[in-house]
1. Using a cut-off of 15 Å between beta-carbons, work out the net charge of the residues near His97 (Lys and Arg +1, Asp and Glu -1, His97 not included).
2. Given points 7 Å out from each Cα along the Cα-Cβ axis, report the Val141 to Ile175 separation in nanometres with one decimal.
3. Taking the Cα of Arg185, stepping 7 Å toward and past its beta carbon, and measuring to each backbone N in region 132-148: which are under 14 Å?
4. Net charge around Phe56, counting only other residues with Cβ within less than 10 Å of its Cβ (Lys, Arg = +1; Asp, Glu = -1)?
5. So which trypsin sites (Lys or Arg not before Pro) in region 100-199 end up in coil per DSSP with only 15 or fewer other C-beta atoms within 10 Å?
6. Working from the pairwise distances between different alpha carbons, so that the mean of 1/r is found and then inverted, what is region 59-154's Kirkwood radius in Å?
7. For the pairs Lys107/Lys181; Lys93/Lys131; Lys48/Lys107; Lys48/Lys131; Lys48/Lys127; Lys48/Lys93, flag any whose C-alpha to C-alpha distance is greater than 18 Å.
Amino acid sequence: YCLIHFYKRVSPDRFFRMNWKSLMVLLLYPVGVPAPVPRCSPFIIINKLAEFNSIFSDSNPYFPVPPCEYGNPLNALAAQDYRAVFVTAEPWKIPMHNFYEFIWLLKTGIPRIFRAAVGTEPLLVDKNILKEGYQHYTPRVRGTQFGQGTRRRPEIIDNTNLYKKVVGTRINQLINQGPDKVPTRYTPQGPLARSSPVRRSYRVPADRQRQAVRPQLGQQVTL
């Protein structure tokens, strides 16, 4: 349905003059994989294919994935840090990642791809990210999703309550407003949950209650 609607709005000549970089990004990105992979995974290129361009950089709140502090997968295995290497070390997170990315694709990803393809939204790429390997090539560790200016928010996946809140909000927006019609930043910023003050209730001892209502010496009591 999205492709039919897109084809009706775009002339064939303009369709075949699509930005070649957009086509390359679409062809290179492995759709359907359990992305992102851990920071020391031998398949780290999967993360880089999403992080190096402005289309997919915010498709997952884990992006950009931090550097591998061990340098490579073998050192991570020697340190017995299996979560840094294998995505299956935390299998319950795989469907959460995939469903998050699925909602992103419907609400933001597909419209953004079409806009970049016809030139109404700029496609930014940083080829250095593709070649950086297990370390970030930048002087400091990157925490911002390339081309979108939004910070990575891994707590969305790590906290089930936050995950339900964020994904539920995006689903409601998709149902009520439809896919994004203009360039939109997907990853929520700012505080995601407010902690309400805890009210503690306790009973006042009976002797203190009597003392509270007992008039003191010299105190005038009005009846």
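Since every read-out is calculated from the coordinates, none of them should be taken as a lab result. None of these values were measured; they are calculated from a predicted model. FYI the Cβ positions are ideal-geometry reconstructions off the backbone, even for glycines, and counts take in every protein chain you see.
1. Every neighbour counted, the sum reads +1.
2. 3.8 nm
3. Zone members listed by number: 143-148.
4. -2
5. Answer in residue order: Arg140, Lys181, Arg185, Arg194, Arg199.
6. It is 15.6 Å.
7. Pairs exceeding the cut-off: Lys93/Lys131; Lys48/Lys107; Lys48/Lys93.
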